[in-house]
C-alpha cells in the first residue's frame, strides 16, 4: 500500500494535509512532518497543512489558509483521524482522492488508499515508517516533529509503545536524522507556572467515586483565575495514570469562546471510545475527547462512565 500511496502523491500538483479537531502533538507532528517530507522529495509540489492553530505548539509549524476552491483539484491526506466529521479546516467532500493514515480504531471507511494500524504507537510512527519504506529523504525538522509526536502519544514510552518496531523507528530518527532528544523533551514538556497551578486545582478538586471514576468540571471563571485557556488541560491528563484506585478520569472544561465544554478522558481498563463517539467525539480505546453542548451532557457522561467502572470492577473480581 505504501507504494500505491506514493504514486498517488506523485500524481497531484497540490496536496492538502489535515488532522483531527483539537490537534495534539502527534497529529501536529504527523501533518507538518508529512508536508516537509513531500516538499523535500518533490519540491515542485504545493503542500498545505490545514487546521486551527494552537499557540503552545507553534514550534511544529505554521498552518495554512485553505479554501474550498483549492480543495477541488487537490489530494487530501488525512492523518491521525478515524472519522470524517472531526476533520479540521477542510470539506472532505470537495476532494476526489483521499489518503488516510491512522492508528485509531476505524469509525469511517473513507479512502481506498489507507494505512491503518491500531497497534502503532502514533500517527507519527506511521508517517516515519511510510517515509523509510518508500526511501524518501526525511528533513531534520520533520524527524524532530515525528519524534515528539511519538513521545507525546506514548507518554514518554510509558504506554502504547509495546512493539519493537516503535523503538526501531525512534532509533532511526535519532541516528540517521541526528536529532537531539533532550532538547526536544524540553521543548515539548516545558510548562508555565499557570499550567502547573491549574494541575494543582484539578488534583484538589477531582471527585473520585467508589467505583474508581475521577472527574472535574472547570469553569471559565476557574480558567481566568489561573490565567490559562481551555486547551491547557490536554497536557495534564496523562499525569493521573498511576494513581492507585483511579480506573478512569475525565475533565470537563468550559470554552466560552467556542461555546462548548471541552472534554478529555483517560482509562486504565474501561473501554471508553464508543461512549464518546455518541457525543460527537472519539479517539483511542482508552483515551478520548469530545466537545459537549453543556455541563448537563457532562453529567450524563459521568453517570455512564461510573457505571462502566462499576461493571469493570465486578468483572475483575469474578
Centroid-to-centroid separation of the range 290-318 and the range 97-174 [C-alpha atoms, Å]: 31 Å
Counting alpha carbon pairs within less than 8 Å and at least 6 residues apart, what relative contact order, in whole percent, applies to the range 2-188? 24 percent
Can you give me the C-alpha center-to-center distance between the range 207-238 and the range 1-26, rounded to a whole angstrom? 34 Å
Please say if the chain is rounded, prolate or oblate, where rounded means a/c under 1.5 for a ≥ b ≥ c the square roots of the C-alpha gyration tensor eigenvalues, and otherwise the choice is prolate for a/b larger than b/c and oblate otherwise? prolate
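Over the range 193-317, what is the mean sequence separation of C-alpha contacts under 8 Å (at least six apart), divided by residue count, expressed as relative contact order in percent? Before the final figure, lay out the partial values.
On the way: 197 pairs, mean separation 27.8, N = 125.
It rounds to 22 percent for the range 193-317.
Rounded, prolate or oblate: which one fits the range 155-250, using the alpha carbon gyration tensor with axes a ≥ b ≥ c (rounded when a/c is under 1.5, else prolate when a/b beats b/c, else oblate)? The partial results should precede the final answer.
Numbers: a/c = 3.66, a/b = 1.58, b/c = 2.31.
Cα axes put the range 155-250 in the oblate bin.
For the range 2-188, what does the alpha-carbon gyration tensor say about shape, rounded, prolate or oblate, given a ≥ b ≥ c as the root eigenvalues, a/c under 1.5 as rounded, and a/b over b/c as prolate?
Details: a/c = 1.45, a/b = 1.41, b/c = 1.02.
Judged from the Cα gyration tensor, the range 2-188 comes out rounded (a/c under 1.5).
Based on other C-beta atoms within 10 Å, arrange 67, 209 from fewest to most.
67, 209
What's the exposure ranking of 132, 12, going from fewest to most Cβ atoms within 10 Å?
Values: 132 16, 12 21.
The fewest-first ordering by Cβ neighbours comes to 132, 12.
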Does anything in the range 288-318 have its amide N under 11 Å from the 7 Å Cα→Cβ label point of residue 207, and if so which residues? 299, 302-303
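Helix-only estimate, please: 222 nm mean residue ellipticity of the chain, summing -39500 (n - 2.57) across DSSP H runs of length 4 or more and dividing by its residues, to the nearest 500. Display every interim value, and only then the final one.
Details: 11 runs with 127 residues, N = 318.
Estimated from H runs of four or more residues: -12500 deg cm²/dmol.
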Per the rule of 0.36 nm per residue minus the C-alpha distance, extending residue 134 to residue 185 adds in nm 15.5 nm
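So if each residue of separation counts as 0.36 nm, and I subtract the Cα-Cα distance between residue 239 and residue 315, what length gain in nm does that give? Before the final figure, lay out the partial values.
On the way: separation 76, 0.36 × 76 = 27.36 nm, distance 2.62 nm.
Extra length from residue 239 to residue 315 when fully extended: 24.7 nm.
Give the relative contact order (percent, whole number) for the chain; include only Cα pairs under 8 Å separated by 6+ residues. Write down the numbers at each step before the final one.
Working: 567 pairs, mean separation 40.6, N = 318.
About 13 percent, as a whole number.
By average Cβ neighbour count within 10 Å, what is the ranking of 238-246, 151-159, 28-36 from highest down?
On the way: 238-246: 13.2, 151-159: 18.1, 28-36: 28.3.
Packing order, densest peptide first, comes out as 28-36, 151-159, 238-246.
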In what sequence, highest mean first, do 80-90, 212-222 appear when ranked by Cβ atoms within 10 angstrom? 80-90, 212-222
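Where a number appears in this text, it was derived from the coordinates with a stated rule and is not lab data. Every value quoted in this text rests on a predicted model; they were computed, and no experiment measured them. No Cβ is skipped: glycine too gets one built from the backbone with ideal geometry, and neighbour counts run over all protein chains shown.
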